[in-house]
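> Have a look at this one.
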4 protein chains.
Amino acid sequence: MCRWIAYRGETVPLEQYVTAPAHSLIVQSVRALESTAGTNGDGFGLGWYGEHPEPGLYREVRPAWSDENLRYLCRHIHSHLYFAHVRSSTGTPITRPNCHPFACGRWMFMHNGVIGNWSRLRRKVEALIPDELYGSRVGTTDSEAVFLAILGAGGDKDPVGATAQILTTLTALASTNGLSEPLRFTAAMANGRDLFAFRYAANSDANSLYYREAGGNVVVVSEPLDAERSQWTPVPPGYALLAVAGKPVALAPFLAESRIAAE
Amino acid sequence: MCRWIAYRGETVPLEQYVTAPAHSLIVQSVRALESTAGTNGDGFGLGWYGEHPEPGLYREVRPAWSDENLRYLCRHIHSHLYFAHVRSSTGTPITRPNCHPFACGRWMFMHNGVIGNWSRLRRKVEALIPDELYGSRVGTTDSEAVFLAILGAGGDKDPVGATAQILTTLTALASTNGLSEPLRFTAAMANGRDLFAFRYAANSDANSLYYREAGGNVVVVSEPLDAERSQWTPVPPGYALLAVAGKPVALAPFLAESRIAAE
Amino acid sequence: MCRWIAYRGETVPLEQYVTAPAHSLIVQSVRALESTAGTNGDGFGLGWYGEHPEPGLYREVRPAWSDENLRYLCRHIHSHLYFAHVRSSTGTPITRPNCHPFACGRWMFMHNGVIGNWSRLRRKVEALIPDELYGSRVGTTDSEAVFLAILGAGGDKDPVGATAQILTTLTALASTNGLSEPLRFTAAMANGRDLFAFRYAANSDANSLYYREAGGNVVVVSEPLDAERSQWTPVPPGYALLAVAGKPVALAPFLAESRIAAE
Amino acid sequence: MCRWIAYRGETVPLEQYVTAPAHSLIVQSVRALESTAGTNGDGFGLGWYGEHPEPGLYREVRPAWSDENLRYLCRHIHSHLYFAHVRSSTGTPITRPNCHPFACGRWMFMHNGVIGNWSRLRRKVEALIPDELYGSRVGTTDSEAVFLAILGAGGDKDPVGATAQILTTLTALASTNGLSEPLRFTAAMANGRDLFAFRYAANSDANSLYYREAGGNVVVVSEPLDAERSQWTPVPPGYALLAVAGKPVALAPFLAESRIAAE
């Protein structure tokens, strides 16, 4: 299990949520509290939107806690919409292209979870990626494959609907032939303006996901960034968080059957 | 274009052919002479057989010329059959799993060449890998895909026949729909006892390949390791070099039509 | 010999001078034209000033030409004063702390050159660093030691005078005991407002250094970024380039004896 | 605090003590039990003796737990005397030259501990290194400086005496001016034939150190490699373990006052 944060709101330096908080993502890379993987030292990544439609990325295979570049970048880069992710690999190699977030055109995606028995399902999931997006598969993770599958299912137009569609397919794949492979999907997607986050699981408990909103700024996190737990609201399993430009942040059930499957 | 060497013979330290010669592979990583890529600084790898059926590997994304670990390992590791490779990427990311050599079971493979328009042909080539070997695809290169396709075509039993079969398929793929994508394949395979090297091209000139044999020891190289050119024999395009245990080194045409295609 | 660029002027994205030009620094990392080291693949670095008094840094041991992070950062980071450097090591290890630029407080420094027989002179040069700055010596290069020695000699108040003083000392050290070790120093320093560049050598020819000025923006480079050579003015050996806030760019002899020594 | 193992005995593959045991050093890199640093992910190193007087080294900045090269090397390299070390930095940068073990001529050294207030003592400790060994200082750690100081104090002839002498000097430095900086030194040294290990502290408790001996083979470890605690004997603070060729393993008090200081 990995740990991540996503932010949308006023333009702030990345450090405000990545390195500064008491239980910041960097602290979580050394010692996470709500994760089976206490240490998230298998690489990390930053993704942010600035003046271009496409996001900027900084991904590295070393642990986040000792990366001096990361501290400089978090201090100097400002953004209104950014992601940060510390990785605990579930088996795929520790390479930069396997570090989150992933980018494709104006979209950015990151994930904490697992597709159970990935080696058995890999080809079936990769087959969900349309040819025109297959060139964007530069790594080998399950996460990147699911991202491109979501975009291929119309995620650019309807990110929630496309995610629900792909997760329905994945749930079926994970449950065929008498198998019940765990499927855990706690992910964020953004297009430069809007931020979407998802919490879902099948054949397993869902990974933790929280958010905090104040003054139109929203932070979505794998686990709270400080000890003030009352400030952090869990996203229920099967729900999506929608932080769409010009609208209040909303939670919405996006995959009814998932809630059943997760119980 | 990359540069590589392969050795089969008496057990010697790797340094004998990797770092010691005047125009060693390390020197070639800085300045190759017979390659369109003067610099081969996109990672490197060593593979060698010792006491186990499976080879050992050391692969790294940094350039070979400045890697102090490489010098220590070449000095301390001895082998009767080993590979070394310096990479000049043709587009796939600089990651350890994309560095040569690749290993699968007791087999080891490395490659210098290109599959033209890889982004268009990638899915077709990956489809040649049987399911039971797809889990061994840990990187994203064309080279690794071809290696696993060869093993899937029976390379373990008949490496020359399986290589010819896959190259015939690749030549057809590269030449469909009125296209003539260049296909260059200069590769080595080994199983711990036997060494096979191949030189082939379609829609292009073949990359250079030479060998030197003395006292039952054979070295196969992308370009000569020293200025004594007369000691180095070119492998003709369309030919395989066979260094099989208990037999003299032999050259054999392995893909007749390739010689036509390469002209 | 390394290659570098320094920019001071209107706020622009780093890519304008690092990655975009025909003979950009990234191109020079693969194939420099006016350097004895054709390849500058021993790490690289970016340094830039933004909203903080201290610069941001991004330094990496991999070659610049294949670093995807570098391209993203150059596209997304804007600055009115920034440095970029590709390294060709003269012997010290390829580590991030040995990559240029170096930062100390609000100052930033980078260098192309060599202190001949560094192993013999190292302790003498390190002894020039005052105790209060010795904690800023996080790497092992001659360049970082000279930078801290310059700051220790009053570089914060009088960068040109302090540089002249330290180079005078170094010239004497390099020429003692009947020795004439080459000393080549082509460097840039900045404090967030002002940019200083130096070209000097003793017992050797000076490394190349050029600049181009237009509309109050100045770029200083190891070698021209494009084929329009007439646009680039050489900095003479023994001269400093001063790009001080609120004043026109000026060249000034800063070390008279150096011009003699360099001839 | 770091974790390490040292082995001297029959020639075995490195994996026997580095990767194979239940609580192997690789497991300790993720979760150590007797260390204040639960995670030792700041790089690692292997050092071993083979056919040359000088040891081979493999050092890397990535965590040991995810390094596929490490597993291959531990499986394929055999040695009668080897070190392995996983690092938890006390402040100096994560670079290969700062990873243990360190080598100088035929000697190899690794360390778990700290010199308190290193930034204040650094110059004094570096001054203990004689000129002829200063060129071997390729990193910036306190550990490497102490190693070279020990060699400079005659460690090649009398490793225990020289270590005692340098630690006496360090204890005095750490306790001057009314200060009582912690000094913890749990280290191993070898020359290709003999292995020496030391446990010492001043102004602090000593870090843990154990050994197990059987059939002439000795393993010295920061913490036991398995749950059979009764098989592992603690080295008392202030004692050295001597595994000298042709003699039985012996424990000897090597720095009487240290035992007092550590209490």
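> Can you list the copy-to-copy distances for B:ARG123, using a point 7 angstrom from Cα toward Cβ, in nanometres, shortest first?
1.5, 6.7, 6.8
> Give the carbon-plus-sulfur fraction of the accessible surface of the protein assembly as shown in %, rounded to a whole number; probe 1.4 Å, heavy atoms of protein chains only.
Whole-percent figure for carbon plus sulfur exposure: 52.
> Send over a whole-number figure in Å² for the accessible area per residue of the protein assembly as shown, probe 1.4 Å.
33
> Between D:GLY116, D:GLY216, D:GLY47, which gets the highest mean-square fluctuation from a Gaussian network model of chain D, Cα cutoff 10 Å?
D:GLY216
> If I take the rotation axis that carries chain A onto chain B, which residue of chain A has the nearest beta-carbon, and at how many angstrom?
Residue nearest the A-to-B axis, with distance in whole Å: A:THR95, 2.
> What gaps in nm, shortest first, separate C:ASP156 from its twins in the other copies when you place the label 7 Å past Cα toward the beta carbon?
4.4, 5.3, 6.9
> How charged is the neighbourhood of C:THR19? Take every other residue with its Cβ under 11 Å from the Cβ of C:THR19, and add Lys/Arg as +1 and Asp/Glu as -1. Working shown, then result.
Working: positive: C:ARG71, C:ARG75; negative: C:GLU15, C:ASP67.
Local charge sum for C:THR19: 0.
> Mean 1/r over all different Cα pairs, inverted: what Kirkwood radius does chain D give, in Å?
Result for chain D stands at 18.0 Å.
> Further question on the same structure: B plus C alone minus the pair: what accessible area, both sides summed, probe 1.4 Å, in Å² to 100?
Buried: approximately 900 Å² between C and B.
> Return the average number of partner chain Cβ atoms within 10 angstrom of each residue Cβ along peptide C:72-82.
Per residue, the average neighbour count from other chains is 4.
> With +1 assigned to the C-beta of every Lys and Arg and -1 to the C-beta of every Asp and Glu, and no other charges, what is the dipole magnitude of segment C:1-137 about the Cα centre in debye, to the nearest 20?
Values: 15 positive and 12 negative charges, 93 e Å.
For segment C:1-137, the charge dipole is close to 440 debye.
> Right, next: Shape verdict for segment C:94-218, please, from the Cα gyration tensor: rounded (a/c under 1.5), prolate (a/b greater than b/c) or oblate.
Oblate, since a/c reaches 1.5 and b/c is not below a/b.
> Using only Cα positions of segment C:175-263, each an equal point scatterer, no hydration layer, compute I(q)/I(0) via Debye at q = 0.11, 0.16, 0.26 Å⁻¹ and quote the log10 values to two decimals.
Log10 I(q)/I(0), no solvent term: -0.34, -0.66, -1.30.
> First select every other residue whose beta carbon is under 15 angstrom from the beta carbon of C:PRO159; then total the charges, Lys and Arg +1, Asp and Glu -1.
Working: positive: C:ARG8, C:ARG106, C:LYS157, C:ARG193, C:ARG199, C:LYS247; negative: C:ASP156, C:ASP158, C:ASP194.
So the environment of C:PRO159 carries a net charge of +3.
> Now for a separate question. Can you give me the three principal axis dimensions of the protein assembly as shown from its C-alpha atoms, in Å, biggest first?
The Cα atoms of the protein assembly as shown stretch 74, 72, 65 Å along their principal axes.
> Tell me the relative contact order for chain A as a rounded percent, counting alpha carbon contacts under 8 Å between residues six or more apart. Write out the running numbers ahead of the final one.
Numbers: 604 pairs, mean separation 50.4, N = 263.
For chain A, the relative contact order is 19 percent.
> Quick check for the protein assembly as shown: number of Lys pairs with alpha-carbon distance under 22 Å, counting only pairs 8 or more apart or on different chains?
6
> May I pose another question? Run lengths n ≥ 4 of DSSP H only: what is the helix-derived mean residue ellipticity at 222 nm for chain D, with -39500 (n - 2.57) per run over all residues, to the nearest 500?
-6500 deg cm²/dmol, from helical runs alone.
> Given labels modelled 7 Å from the Cα in the Cβ direction, how far is it in nm from C:ASN117 to D:ASN117?
Roughly 3.8 nm, to one decimal.
> For A:THR168 and C:THR11, FRET efficiency with R0 = 41 Å and r from the beta-carbon atoms, rounded to 0.05?
Step by step, r from the Cβ atoms, then E = 0.30.
> Please report the orientation-averaged projected area of segment D:1-88, defined via the convex hull of its C-alpha atoms, in nm².
Convex hull of Cα atoms, orientation-averaged projection: 5.3 nm².
> So, one more: Using 1/(1 + (r/R0)^6) with R0 = 30 angstrom and r between the beta carbons of C:LYS157 and D:ALA127, what's the FRET efficiency to the nearest 0.05?
Numbers: r = 30 Å, r/R0 = 0.99.
According to the calculation, E is roughly 0.50.
> Here's another thing I want to ask about it. Run the numbers on segment D:132-173: which residues show a drop of 50 Å² or more in accessible area, chain on its own versus all protein chains together, using a 1.4 Å probe over heavy atoms?
Checking the loss per residue gives D:TYR134.
> Within a Cβ distance under 13 Å of C:ALA127, other residues only, what is the Lys/Arg minus Asp/Glu net charge?
+1
> OK, next. Using a 10 Å cut-off around each Cβ of peptide B:44-57, what is the average number of partner chain Cβ atoms that fall inside?
Other-chain Cβ atoms within 10 Å of each residue's Cβ, averaged: 3.
The values are calculated or read from the model by the stated rules, or taken from the named source; none is laboratory data. Predicted model, so just to flag it, every value in this text is computed and none were measured. Here Cβ is always computed from backbone atoms with ideal geometry, including for glycine, and neighbour counts include all displayed protein chains. These accessible areas exclude ligands, DNA and RNA; they are computed on the full protein's heavy atoms, side chains included. Shrake-Rupley method; radii C 1.70, N 1.55, O 1.52, S 1.80 Å.
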